[in-house]
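Derivation of every value follows stated rules applied to the coordinates shown; laboratory data play no part. Everything numeric here is computed off the predicted structure, so don't read it as measured data. With ideal geometry, Cβ positions are generated from the backbone for all residues, glycine too; neighbour counts draw on all protein chains shown.
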Amino acid sequence: MQRKLVLEFTKMNGAGNDFIVIDNRFYNFSDDELADLARRFCPRRVSIGADGVLAFARPADAAHQYRMRYVNADGSIGTMCGNGARCLARYARSAGILDEIMHFESDAGVYRAYVPPDPEAPVRLFVPPPQHWRAAQALDGALPDGIEAVHYLWTGTEHAICFVNDVETAPVGQWGPAIRHDAALAPAGANVDFVQILDPGQDHQPAALRVRTFEKGVEQETLACGTGALASALAARFLDRIQVDAAQVHMPGGILGVGFERDGGVVSDLYLEGPAITVFRGTLEV
């Protein structure tokens, strides 16, 4: 009988957004194999449970420290995951990359992360400028009652942002799939962020937002979404719903910090900051 491969993995989370992390420098799993691992081991209650799989791989360019490959729970490849990127940067330090500033490759481009030596300290991810801002994105389907408009922004992956009066009572499980699959957002679809302004910010004090996100690829609400926190804060600023270029984004799993500089319509020095926690390590037979 052929022996099964014993796979070492690390379970990590960033504000409740959780991941199965593997060192693919050793295993060299193909994209199809990573997709199979995600479909097998991300379901909750019957397996490890996670929002996706993070593969830590060798970079194509020796000037970078590593390459990030992210696979959603349904097996689809994700271009970027902000919380996953922060977790993988923390993982890179545990794997022997001791640079406090790390440059890494992803399907959304080259990113930079600041990883303090203290394992309890937050990790800051520096993000390229957002793209494809569209205020009041036209949809094929009717907008749900309680949503005046859907705004679109790419922050490493696609996001549809909806401002609501009370995010706690918003039926995310009902509205999220309808907007996520709207034909106007095809073929990629979009994560859907429901955003409530708690404090517009003033006098160099950050704004405060409360956000819940329905994530494509996971196909349900997640406890946090890093690219969603970025998209929500940026959309709120573009629409003058907040008054400053920094926000504390309260998500069900924790608080993420977003900051940026803005000169007219040009965004620079965009970052996402928050916890990146190692939960446990283990092995699987695959």
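Before moving on, here are some points about what is shown:
- Ranked D263, D182, criterion: other C-beta atoms within 10 Å, fewest first: D263, D182
- Projecting the Cα atoms of V192, L139, A73 onto the charge dipole of the chain, computed from C-beta unit charges around the Cα centre, puts A73 farthest toward the positive end.
- Whole-angstrom gap from region 18-84 to region 259-286, using each part's C-alpha centre: 16
- DSSP bridge orientation in region 126-211 - percent antiparallel, rounded to nearest 5: 70
- Contact order for the chain, expressed relative to its length and based on alpha carbon pairs under 8 Å spaced 6+ residues apart, stands at 21 percent.
- Helix 82-94 vs. the chain, principal-axis angle (Cα, 0 to 90°, nearest 10): 30
- Nearest-ten-degree value, helix 31-41 long axis tilted from longest Cα axis of the chain: 80
- Put in line by how crowded their Cβ is, counting other Cβ atoms within 10 Å and starting with the fewest, H159, H132, H151, H103 read H132, H103, H151, H159.
- For region 1-59, the set of trypsin sites (Lys or Arg not before Pro) satisfying both a DSSP loop assignment and a count of at most 11 other C-beta atoms within 10 Å is given as R3, K4, R45.
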